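> Encoded as structure tokens, here's the structure I'll be asking about.
The values are calculated or read from the model by the stated rules, or taken from the named source; none is laboratory data. Here the structure is a predicted model, which is why all the values come from computation and not from measurement. Glycine gets a Cβ as well: all are built from the backbone with ideal geometry, and neighbour counts include every protein chain shown.
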Amino acid sequence: MLSESPATKQLLKRIERAFAHRRIPAEVVVMEGRLQVDSDIEDGLWFQGKDWREISKEDWEQHYCGLSYFSAEAFAYYLPSILILTIRDPRNSPDLAVDSFVWQLDSSPGVENLGPFSDRYFEFTDDEFEAVKEWLLWACENKPGVFYGRAVNGPGDGFGRAFDSLDLLHKEAVKRRASELEM
């Protein structure tokens, strides 16, 4: 476990504070239009009714596929669990869930390339975006191997694309909020 430096403690508090307004979602997986429930969707449904603070590394390792099937509300609600577990013990974190999360952000630059997971970010607050960006910076320096190779060798392309995608999603969310206010 990483000793919690003042900066690490501050990041933990920032993540908790940024996502504190989130409540356990009524629906963790949007079932409308699904013809069948497979094991990956069952992974998402496993989280139904669970408090993110009670989710363990082992839970994420067993149900990491659920991350890809979460509703936007469930994604925003359960993401702090992955971030905080990783900060508390970077060498024994929920690696499959972390990899899935980073992979979803690792896209080519441009709004047109953001991919199918981008919609779940458009309801993030500015504080949530900033907390996740700060986590990405922290992970680059403290989580070995999170960005396709040892983080100590520098941020690399995976980090750059993930960070740029998150920043682009943030700008797009701000733009959408402004346009909704104009209507």
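> What pairs come out if I take residues in region 6-20 that are over 15 Å from PHE124 (Cα atoms) and among the β-branched types (Val, Ile, Thr) and pair them with residues that are surrounded by fewer than 17 Cβ atoms within 10 Å (Cβ to Cβ) and at pLDDT below 95 whose C-beta lies under 7 Å away, six or more apart or interchain?
Matching pairs, first to second residue: THR8/LEU2.
> Something else now. In this structure, does LYS143 turn out to be buried (at least 21 other Cβ atoms within 10 Å of the Cβ), in contact with a helix residue (DSSP H, G or I) (Cβ under 9 Å, 6 or more places away or on another chain) and among the charged types (D, E, K, R)?
yes
> A follow-up question, please. Looking only at helices (runs of 4 or more DSSP H) that fall completely inside region 1-70, which ones have 1 or more residues that are aromatic (Phe, Trp, Tyr) and modelled with pLDDT of 95 or more?
Result: 57-63.
> Let me ask another. Filter region 118-130 down to the residues that are crowded, with 20+ Cβ neighbours inside 10 Å and either closer than 19 Å to ASP40 by Cβ or not aromatic (Phe, Trp, Tyr) (or both) and list them by number.
The one that is crowded, with 20+ Cβ neighbours inside 10 Å and either closer than 19 Å to ASP40 by Cβ or not aromatic (Phe, Trp, Tyr) (or both): GLU128.
> So PRO80 passes all but one of these: (1) farther than 23 Å from THR8 by Cβ; (2) surrounded by 18 or more Cβ atoms within 10 Å (Cβ to Cβ). Which condition number does it fail?
That leaves (1) as the condition not met.
> Residues in region 38-77 that are surrounded by 15 or more Cβ atoms within 10 Å (Cβ to Cβ) and acidic (Asp, Glu): how many?
The qualifying residues number 4.
> Could you grab the pairs with beta carbons closer than 9 Å, sequence gap of 6+ or different chains, first residue in region 99-126 and closer than 11 Å to PHE75 by Cβ and without any contact (Cβ under 8 Å) to a residue 60 or more places away in the chain, second one among the acidic types (Asp, Glu) and surrounded by 18 or more Cβ atoms within 10 Å (Cβ to Cβ)?
Pairs that qualify, where the first residue is closer than 11 Å to PHE75 by Cβ and without any contact (Cβ under 8 Å) to a residue 60 or more places away in the chain and the partner is among the acidic types (Asp, Glu) and surrounded by 18 or more Cβ atoms within 10 Å (Cβ to Cβ), are ARG120/GLU73; TYR121/GLU128; GLU123/GLU73.
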